[in-house]
Amino acid sequence: MYLWGNQLTGAVPTWLGNLSDLERLGLSRNQLTGTIPTSLGNLTNLQLLTLGDNELTGAIPSELQNLNSLEELRLWDNQLTGTVPSWLGNLSDLTQLNLGGNELTGSIPTQLQNLSELEELYLYGNNLTGTVPTWLGNLANLETIHLADNQLTGQIPPSLGNLAHLTRLRLQKNQLNGAIPSQLGNLSELERLELHGNQLTGPIPSQLGSLYGLTLLSLGDNELTGPIPSQLQNLRNLKELYLWDNQLTGAVPTWLGNLSDLERLVLSSNQLTGTIPTSLGNLTNLTYLTLGGNELTGAIPSQLQNLNNLEELRLWGNQLTGTVPTWLGSMTSLQVVHLHSNELTGTIPNQLGNLSNLQSLALSRNQLTGSIPSSLGNLSNLERLWLYDNQLTGQIPASFSNLTNLTVLELAGSNQLSGCVPAGLIDVAENDLADLGLPGC
């Protein structure tokens, strides 16, 4: 019986437990409320039970332990409480267990180590405590481990490196500490490794460069140190690399420009030094580049103008010099340009007015001179504009009255603007126009 993906309301009917021949019951993605009926424990022929993405409450009923034929139990994204039942370990045919996105507490029960057929384990988005179990490394058929968004502590077990079929390991947003085990480099089938938002220390293991099938590597928001290891240049299938908010040192590697499938590169808030490699201009699939909050020097390389698919360019909070490049105006996919808090000089290029998709422009806290180009008034999608703390002079362009989507406008600080404030700007939700001391037009 499949009734998933409708707008069904009310309770899960108790009488379903009388349909003794039922093998598959799919009621997910509805608006069902109440508790899971204990009568479902009568359905001893049931192989699939999916009640995910409803509004079910209460504990997982112990009567479900009678479902000896069950292969897939999917109760994700409800409001279930209580613990992860230990009796789940008796359902020896389970290949998928998905209890993610609930309000479950307690630790991951050791009895789950009996689930030798398990291929997918989803316990994400609960309030689970305790450690990541070492015995997970014995469940040889595991392909997915998703334990993110809990309160798990301790270290990542090296035994996870035994899982030869693992394609997804997601342990992000817990309280894990210690080093990233080098044994994870043995996971030859791994496609996604997400460890961000923990308290991991030590270097990025060079062994991760052996994960040739990896498409996503996310180690951000930890306490990792040392340089970005050169072995990562072997990850030729990588589409997303997130190393933000660590304590990484050394240069932005030139070889990153060889990872031709890369779409998102996030290295912000580290201690990286040197210049921005010109080789990054080879990454023509790149949509998101953020190197902000480092100690990078030199000019913004002209090779970046080759990034025709780039939507967000974030180079803020470095020591970049030179001018705001005029060629930015030809990168018409750009939605976000954040170059603030650098040492950029010269004028704001008129060409930025060509960026019809631009939503956020931050050039504040540089050493820019000259007037604000009236062409910026063409940016009809602009929502946020920061130009404060430069050395800008002249008037606020009358064309700014056209920027009807603005929610943030900050022009003051060390600028020396004159004239009057165009109509409508004083109504922008977050603005510093009063600090300019100018009358309305």
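Here, each number is a calculation from the coordinates, and none is a lab measurement. It should be emphasised that the depicted structure is a prediction, and the values quoted were computed from it without experimental measurement. Cβ coordinates were reconstructed from backbone atoms using ideal geometry, including for glycine residues, and neighbour counts include every protein chain displayed.
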- [ ] Take every Cα pair under 8 Å in segment 334-441 that's 6+ residues apart, average their separations, divide by the length, and report that relative contact order as a whole percent.
- [x] 21
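Dipole size in debye (nearest 20) for segment 154-255 around its Cα centre, Lys and Arg Cβ +1, Asp and Glu Cβ -1?
About 180 debye.
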Task: segment 159-176 - phi-based ³J(HN,Hα) in whole Hz, Karplus 6.51/-1.76/1.60, Gly and Pro as x - done: 4, 4, x, 7, 7, 5, 9, 5, 10, 9, 10, 10, 10, 5, 6, 10, 10, 6
- [ ] Quote the FRET efficiency, to the nearest 0.05, computed for SER206 versus ARG236 with a Förster distance R0 of 22 Å and r equal to the Cβ-Cβ distance.
- [x] 0.85
Task: For peptides 313-323, 70-80, sequence by mean Cβ density within 10 Å, most packed first - done: 70-80, 313-323
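Note down the Stokes-Einstein diffusion coefficient of segment 243-393 in µm²/s, whole number, using a Kirkwood radius over alpha carbon pairs, 25 °C, and 0.890 mPa s.
160
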Open item on the list: 7 Å from Cα along Cα→Cβ at both GLU55 and GLU189: what's the point-to-point distance in nm?
Closed with: 4.0
- [ ] Kindly rank 191-197, 124-130, 299-305 from highest to lowest mean number of other beta carbons found within 10 Å of each residue.
- [x] 191-197, 124-130, 299-305
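Peptides 49-60, 108-119: what's the order by average Cβ count within 10 Å, highest mean first?
49-60, 108-119
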Task: segment 325-340 - phi-based ³J(HN,Hα) in whole Hz, Karplus 6.51/-1.76/1.60, Gly and Pro as x - done: x, 5, 5, 4, x, 8, 8, 6, 7, 4, 10, 9, 10, 10, 10, 5
Open item on the list: Give me log10 I(q)/I(0) at q = 0.14, 0.16 Å⁻¹ for segment 308-424, Debye formula, one equal scatterer per alpha-carbon, no solvent.
Closed with: -0.51, -0.67
Open item on the list: What does the net charge come to around GLU430 if you take all other residues with beta carbon closer than 15 Å to its beta carbon, with K and R at +1 and D and E at -1?
Closed with: -4
- [ ] Could you run the Debye sum over the Cα atoms of the chain, one equal point scatterer each and no solvent, and tell me log10 of I(q)/I(0) at q = 0.13 Å⁻¹, two decimals?
- [x] -1.06
Task: Using a Förster distance of 51 Å, the FRET efficiency for SER330-THR110 (Cβ separation, nearest 0.05) - done: 0.30
- [ ] Mind listing the long-range amide H neighbours of THR83? Cut-off is under 5 Å, sequence gap 5 or more, other chains count too, H placed in the peptide plane at 1.01 Å from N.
- [x] THR105
Open item on the list: How large is the convex hull of the C-alpha atoms of segment 228-287 per residue, in Å³?
Closed with: 72
TODO: Please give the net charge around ASN54, taking every other residue with its beta carbon less than 10 angstrom from that of ASN54, where Lys and Arg add +1 and Asp and Glu add -1.
DONE: -2
- [ ] Pop out the ³J(HN,Hα) list for segment 38-44 in order, Karplus 6.51 cos²θ - 1.76 cosθ + 1.60 with θ = phi - 60°, rounded to Hz; leave Gly and Pro as x.
- [x] 5, 5, 4, x, 7, 8, 5
TODO: Starting from the Cα of CYS441, step 7 Å along the direction of its Cβ; do the same at ASN381; then give the gap between the two resulting points in nm.
DONE: 2.5
- [ ] State, in angstrom, two size descriptors of segment 121-254 derived from its alpha carbons: Rg to one decimal place and Dmax to the nearest whole number.
- [x] 13.8, 41
Open item on the list: Sorted from largest to smallest, which semi-axis lengths in Å does the alpha carbon gyration tensor of segment 353-394 give for its equivalent ellipsoid, taking the root of 5 times each eigenvalue?
Closed with: 19, 12, 7
Open item on the list: How many angstrom lie between the Cα centre of segment 12-78 and the Cα centre of segment 395-428?
Closed with: 58
- [ ] Give me Rg over Rh for segment 1-103, both radii from the alpha carbons and Rh done the Kirkwood way, two decimal places.
- [x] 0.92
